[in-house]
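Here is the structure we will look at.
Bear in mind that the values in this text are calculations on the coordinates, not laboratory data. Since the model is a prediction, treat every value here as computed from it, not as a measurement. Because the Cβ atoms are built from the backbone with ideal geometry, glycine has one as well, and the counts that use them run over all protein chains shown.
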Amino acid sequence: MEKLLEVKHLKQYFKAGSGKRKLFVKAVDDISFDIYKGEVFGMVGESGCGKTTTGRSIIKLYDATDGEVYFGGKRIGGGIASMIETIKAAKVKAAKEIVGYQPAKLAKAQIIQEAEAQLAQIDPKDIEHVQIVKREKAQKMADLKAKIQADPTKFADNQAEIDKIKAELRTLINVERNKITALKKDNAFRGETLETMKKIQMIFQDPISSLNPRMTVREIIAEGLVVSGVKDRKYIDERVSHFLRVVGLLPEHAFRYPHEFSGGQRQRIGIARALIVEPELLIADEPISALDVSIRAQVINLLKNLQKEYNLTIMFIAHDLSVVKYFSDRIAVMYYGHMVELASSELLFRHPLHQYTKSLLSAIPLPDPHYEKTRKRFTYNPACHNYSATNKPSFVEIEPGHWIMASPSEIEQFKVEMAQSDKDFFEKLSEK
Amino acid sequence: MEKERILEVKDLRISFRTQQGILKAVRGINFELFKGETLAIVGESGSGKSVTSRAIMGISAGNSIHEGGSIYYYNSGIKSFHQVEDSEHAEEEDIIDLMKIDEEHFHKLRGTKISMIFQDPMSSLNPIMKIGKQVSEALYLKLGLSKSEAKVRAIELMNDVGISEPEKRFYQYPFQFSGGMIQRMVIAIALANNAEILICDEPTTALDVTIQAQILELINKKKTERNLSIIFITHDLGVVANMADRVAVMYAGKIVEVGTVDEIFYNPKHPYTWALLSAIPDLDSKETLFAIPGTPPDLHFPPAGDAFAPRNKYAMQIDFEEEPPMFKISETHYAATWLLHPDAPKVEMPSNLKNRIERNLKKARKGA
């Protein structure tokens, strides 16, 4: 299958607070996944787990902190945090190494360090004592100075080695800087990136606040075309009325304002607006959670038809698992900025492995009283993993197409579990 | 065992004065609530379910007009304002009509007898008042406890609804709580004065699935502990299946079908109930979802016949002309559709829905 979107080690941090209280909220913390052409990729998780942020980082409503996003093989965005980190680390390392080749500096530093260690042990109010230490320090410094003057060659810097380290550092910095410039160029909304970005469009959660109340429906839908430089009024009108019909509205609706429509109709306008630039990837961010039950089915069916008709790839972000199961080919489960499980929807529901996925699946309310009254809910406790320095979790493919965040010891356990549930499943199947 | 009736809504009609004219939000509904049961009211937004619940609480909006009908509250323990004019109930003691009593009397009922939980937990608490004060306020204003007694009781209540470290939490503000915890606090406040009736107006719509499940479990636990009667308003049929003993389906200001939860989910009769049930996918559905065409009617101009007729593919001529009465299906199951009339053609429910119900029933039998 052809990869349409590749996300590699995407990170999105937000700064909160300032000064000493400054902290980074790791909304998305190192997630990687691919979306294949023509599939519906579902993303679930509780609110605040970073699923919306992922969508918004892909379409570049946020500047990613780190990682890369590729669309159709071309890099369209990414973050520079890791390169800056590398440069900083290299600088620190080089500085340490250089000191090793400067005997005079090293000796001085040693004296200062010794004095400070002594000072730390005594009470700063004990002035007499402090002064003794200080005097000793000055004496040692003077001695050292005399020694250096007596034998300058012994204390001379090893200039050749230092230059070598500096040169190495410079080349490394240059490599990283080139990476940064290349990325910044790809990140800018210019040239090829701009053209590629048109192929990704987004549908937002709230159909009321995502449409400008002072623009007519025609202006809202045509905006994508106008921004990309189309000036032919007749062509625009034609496209607008075409896409209004595609989403099940009438061309006459073009001259009305958003407030004249119901929630479901407004969401259709949002979909038409996304479709008019003929995108290949549609990011649907909870497109149905703000809608009424009876209207939801209309919008789901519409999206499903559009997906078939235009061979769209859809990234479907939602928290309603039964809808995601119904709509998606593959499902990713997110928890606190991490992707904990990724599998085809069939595999995920046949044998959910991660504890969080299990708890999520056990919490879905279904319109079936018998099931509901006997349902056992499973609670997730992040402490149950027993992760440690030697037993670190990583995102691994446990069976073809089934990825999971697990530590080596867990993987063994999951494999046993998986075999058992598969056996049960096929036994049931053969019974039928 | 005869169930004890606690609340009865009789032919309730409520309208609103709006700029566009009179909006008929509730158009003559009847239902009963028994002690210790959960009645779920289902319907899309604008069907009048919130208006009904607000009328029971006596907090209707200022532009509302009470066009007629009564809400009888049985055995309130407050006999001083015996106001029933209806001859049927005139003999009985201790029945009050909530639509007729004045605010001063209502004040005695609200919170102590009837309590309500609202949809958005974030906006139901005062953001600039400490949580503890908001809980104990209910206690010393209504029960007449002293402030120190109220604090002890409030911490007990907070513990009861599963708030960890209540002593510390007592002095915190709502913004320091998560949505699920605020909803727990709202439940604690609603139940602080031992209310008999709890009205839940979409209490979990703003919450996540896992938190939703916790809150529903909490409400169910409290229900069995205190023998509460609950009116549960929602549009999520999954939640209804979990919570309800009986279900009333509302559409355009009327109850179109009422029955026990099994009757509504396994043997629905009204086309609107069919449509609602088949509009949501369950974990096994693969086929195209049934989408209800069109939009609900404008209740400024309520339609003459069955309000659902224009969106209903099973509608007959009579549906557009005359309102269907409630047809009796069983002792507990009623539906307002002409399809149940003896002269009506036999119509089966949509095949998708039928398959699903059969599948579910099979599973249920296997489990039992």
query = So what's the gap between the Cα centers of segment A:379-426 and segment A:98-153, to the nearest angstrom?
reply = 57
key: Cross-link reach list, aspartates and glutamates versus A:Lys198, counting only Cα pairs under 12 Å and skipping chain neighbours closer than eight places   = A:Glu278, A:Glu280
task = Straight distance only, please: which lysines reach the Cα of B:Lys313 with their own Cα at less than 28 Å, same-chain residues fewer than 8 apart left out?
result = A:Lys304, A:Lys308, B:Lys24, B:Lys49, B:Lys254, B:Lys269, B:Lys286, B:Lys328, B:Lys346, B:Lys354
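Quick one: A:Phe24, A:Phe426, fewest Cβ neighbours within 10 Å first, how do they rank? Could the numbers behind the result be given before it?
On the way: A:Phe24 13, A:Phe426 10.
So the ranking, lowest neighbour count to highest, is A:Phe426, A:Phe24.
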note = Site A:Thr379, offset 7 angstrom along Cα→Cβ, radius 16 Å on amide nitrogen, limited to segment B:214-245, gives B:214-222
inquiry  = For chain B, take the convex hull of the Cα atoms, compute a quarter of its surface area, and give me that in nm², please.
reply    = 21.2
note = Across B:His107, B:His333, B:His270, the residue with the highest GNM fluctuation in chain B (Cα network, 10 Å cutoff) is B:His107
query = Of B:Pro271, B:Pro350, B:Tyr334, which is farthest on the positive side of the dipole of segment B:266-368, counting Cα position, with +1 on Lys and Arg Cβ, -1 on Asp and Glu Cβ, and the Cα centre as origin?
reply = B:Pro350
task = Name the most mobile residue of B:Asp102, B:Asp94, B:Asp120, meaning the one with the largest mean-square fluctuation, in a Gaussian network model of chain B with Cα contacts below 10 Å.
result = B:Asp102
ask   = If one takes the longest principal axis of the Cα atoms in chain A, at what angle in degrees, from 0 to 90 and to the nearest 10, does the Cα axis of helix A:81-100 lie?
value = 10
query = What is the gain in length, in nm to one decimal, between B:Gln19 and B:Glu321 on full extension, counting 0.36 nm per residue of separation less the C-alpha to C-alpha distance?
reply = 105.9 nm
inquiry  = If N is the number of residues in the protein assembly as shown, what value comes out of its Cα radius of gyration divided by 2.2 N^0.38 Å?
reply    = 1.20
query = Taking the Cα atoms only, what angle lies between the long axis of helix B:179-190 and the longest principal axis of chain B, rounded to 10 degrees?
reply = 80
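How high is the FRET efficiency between A:Glu195 and B:Arg359 when r is their beta carbon distance and R₀ equals 56 Å, given to the nearest 0.05?
On the way: r = 49 Å, r/R0 = 0.87.
The calculated FRET efficiency here is 0.70.
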inquiry  = Using 10 Å bins from zero, what percent of all Cα-Cα pairs in segment A:31-123 falls into each bin?
reply    = 12, 25, 19, 13, 14, 15, 4, 0
key: Label-zone membership for segment B:1-39, site B:Lys108, 7 angstrom Cα→C-beta point, backbone N under 19 Å   = B:7
query = Taking +1 at the Cβ of each Lys and Arg and -1 at the Cβ of each Asp and Glu, which of B:Val42, B:Ala25, B:Ile6 sits farthest along the dipole of segment B:1-47 towards its positive end, judged by Cα position relative to the Cα centre?
reply = B:Ala25
task = Give the residue from A:Leu249, A:Gly191, A:Ser262 lying farthest towards the positive end of the charge dipole for segment A:188-338; charges sit on Cβ (+1 for Lys and Arg, -1 for Asp and Glu) and the dipole is referred to the Cα centre.
result = A:Leu249
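How large is the charge dipole for the protein assembly as shown, taken about the Cα centre, if only the Cβ atoms of Lys, Arg (+1) and Asp, Glu (-1) carry charge, to the nearest 20 debye? It would help to have the intermediate numbers written out before the result.
Details: 108 positive and 107 negative charges, 688 e Å.
Taking the Cα centre of the protein assembly as shown as origin, the dipole is about 3300 debye.
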Cα long-axis angle, helix B:351-367 against chain B (0 to 90 degrees, to the nearest 10) = 50
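Within 10 Å, Cβ to Cβ, of A:Thr86, how many net charges do the neighbouring residues add up to if Lys/Arg are +1 and Asp/Glu are -1? Working shown, then result.
Values: positive: A:Lys88, A:Lys91, A:Lys179; negative: A:Glu85, A:Glu176.
Computed value for this residue: +1.
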request  = Go ahead and run the numbers for FRET between B:Met129 and A:Lys147, Cβ-Cβ distance against an R0 of 60 Å, rounding to 0.05.
outcome  = 0.25
remark   = Per the 1/(1 + (r/R0)^6) rule, R0 = 35 Å and r from the Cβ atoms of B:Lys366 and A:Tyr36, FRET efficiency to 0.05 is 0.40
query = Rg and Dmax of chain A, using alpha carbons, in Å: what are they?
reply = 30.3, 97
remark   = Partner lysines whose C-alpha sits under 19 Å from that of A:Lys22, ignoring same-chain residues fewer than 8 away, are A:Lys11
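Order of B:Arg110, A:Arg170 from fewest to most other C-beta atoms within 10 Å? Intermediate results must be reported in sequence, preceding the final value.
Details: B:Arg110 18, A:Arg170 12.
With the fewest neighbours first, B:Arg110, A:Arg170 line up as A:Arg170, B:Arg110.
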inquiry  = Over chain A, with a Gaussian network built from C-alpha contacts below 10 Å, which listed residue (A:Gly248, A:Gly229, A:Gly264) shows the highest mean-square fluctuation?
reply    = A:Gly229
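Is the shape of segment B:308-368 best called rounded, prolate or oblate, per the rule: a/c under 1.5 gives rounded, else a/b larger than b/c gives prolate, else oblate, with a ≥ b ≥ c the square roots of the Cα gyration tensor eigenvalues?
Working: a/c = 3.08, a/b = 1.86, b/c = 1.66.
Prolate, because a/c is 1.5 or more and a/b exceeds b/c.
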task = Would you please state which residues of segment A:354-380 a label at A:Gln413 would reach in this model, taking the label point 7 Å out along Cα→Cβ and a backbone N cut-off of under 13 Å?
result = A:354-356
